[in-house]
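The values are calculated or read from the model by the stated rules, or taken from the named source; none is laboratory data. This is a predicted model, so every value here is computed, not measured. Here the Cβ is made from the backbone with ideal geometry for all residues, glycine too, and neighbour counts use every protein chain on show. The accessibility values were calculated without ligands, DNA or RNA, using every heavy atom of the protein model including side chains. Shrake-Rupley method; radii C 1.70, N 1.55, O 1.52, S 1.80 Å.
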Amino acid sequence: MLRSVQRLRGRLLAAAAIALVAGCSVHNIPVNEPVTVQNAGLVPEQEQPAVSYADEFLITLAFSGGGTRAAAYSFGVLRGLDRIQLPTAQGPVSLLERVDFLSGVSGGSITAAYFGLKKRAMLNDFRERFLLKNVEADALSTSVSVGNLVRGLSGGVNDATHLPRWLSQNLFDGATFAAFRAQQRPRVWINASDIYNRTPFVFGRTAFSAMCSDLNSYPIADAVAASAAVPIAFAPIVIESYAGKCGAQLPDWAARARTNPNAPPLLKAYANALASYQNGNVRYVKLLDGGLVDNFGLSGITISRLSANAPYEPLTPHQAVKLRRALFLVVDAGRGVSGDWVRTLEGPRGADLVSAAADTAIDASVRASYTAFEQTMEEWRQQLVRWRCGLSAAQRKQYGAPERWNCRDVRFFIGRLGFDQLGGEREEYLTRVKTSLQLPPDQVDELIAAGDETVTNNDVLRRFLNSAR
């Protein structure tokens, strides 16, 4: 949510008549390609090629939205995690090198995607390559002009010639999702919002297979731009469905969820969205800021678990047998309350009213999604224990269970990192940093330091490390 474009967004409504008279339309041309192999079928997310590692730890991170503020704060968290040593059978290693799953939304998706590409090496140049850049001046149009007012009401001020192109040229170097699939870890989810189906859109094989589209050739920059596309300030990123051109069928879990009245609402909605891509009812998927439906970036992780066909998924059986400790950290760069209209009888009005309504919806949804995520993970832990304890001696040997293996020794640690954990004037200062794509260097460095510090002082992480040792 770009703070600096809120004034522009507030004034756009006044230009509705201009847009109607102009009759122009701003839209993005799809860049996704159809699959090249006939009858490729729909491959569920959890059936991606299994990675070769398997150890007793599972580390999952989720980066929230919030422009460069979120990107800088999550970068500080990664720096903090790099200084922590995790004991393994091969000796102590950086916690950062053991991140298995990483999910990002909006500004947080920029950090998540770049880390997914470069791993620990991103610590060396992300600050200079992105955080200190004035992306708004270099890549975006934010001026309050008649032309932008018309463009905003005709689809969006900025199209794919702006942010996606800049990200591809200046940060991701033209990389596609094939680069993610070539890596063992982490598995990266980038989350946007399907504004027609009103559901999360997770960039992964499940959705692309439903559309008979090739994920490997899709630019990472376009996915990140979709995740960060604030309504009106950006035209939706568009993905075309090539339904019927590859013989794709819905996975079993999606077919079951669509007809099961007791299916989790998130899973049912996602399954219905997949069906609309697969049957051709939705030819062009229109994507905007992932924070509209999930500003914590938990959709990819949650859907991956809710759609699982086995108690151990999205892990392999070998990984599930060796697992002892799992850590899930949500990195929350959300901003606090703003404005002084509660001190007067009048207000909010104009841009303040739009901003207050959006913030209310987003904050309420993230609290609900976090609570649902905690419940989903605890249910998964219980299912894992039952599955592990039900294995025969032959299966235990097959999956590599060590001697004197305790099938019940699985503990999950779920926590949140946020500005409120710093307290006082520092918390107030950080929550008031604008959610733009350009911040002064001192604010960038303060956000990085805050991320590092919240890692150091986080109680959930401390308990995880004590248990791991």
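How would you order 269-275, 205-211, 412-418, 293-299 from highest to lowest mean count of nearby Cβ atoms within 10 Å?
Ranking the peptides 269-275, 205-211, 412-418, 293-299 by packing returns 293-299, 205-211, 269-275, 412-418.
Partner aspartates and glutamates whose Cα lies under 12 Å from the Cα of Lys286, excluding those fewer than 8 positions away in the same chain, are identified as Asp194, Glu240.
Give me the net charge for the shell around Arg258: Cβ to Cβ below 14 angstrom, other residues only, Lys and Arg +1, Asp and Glu -1. In short, +1.
Straight Cα distances below 28 angstrom link Lys397 to the lysines Lys322, with same-chain residues fewer than 8 positions distant left out.
Count Lys and Arg as plus one, Asp and Glu as minus one, and take only other residues whose Cβ is under 10 Å from that of Tyr399; the net charge is then +4.
Along its three principal directions, the equivalent ellipsoid of the range 165-237 from the Cα gyration tensor extends over semi-axes of 20, 17, 10 Å, largest first.
Using only Cα atoms, what Kirkwood radius does the range 217-341 have, in angstroms?
For the range 217-341, the Kirkwood estimate is 17.5 Å.
Of the options Tyr284, Leu315, Asn260, report the single residue whose Cα projects farthest towards the positive end of the charge dipole of the range 253-331 (beta-carbon charges: Lys, Arg +1; Asp, Glu -1). The listed residue farthest towards the positive side: Leu315.
Phe419 sits with roughly 10 Å² accessible to a 1.4 Å probe, with DNA, RNA and ligands left out of the calculation. Straight Cα distances below 23 angstrom link Lys434 to the lysines Lys133, with same-chain residues fewer than 8 positions distant left out. Spin-label pair Ala89-Thr161: with each label point 7 Å from Cα along the Cα-Cβ axis, the two points sit 5.7 nm from one another.
Round to the nearest 0.05 the FRET efficiency obtained for Glu427 and Ala393 when R0 = 45 Å and r is the Cβ-Cβ distance.
That gives a FRET efficiency of 0.25.
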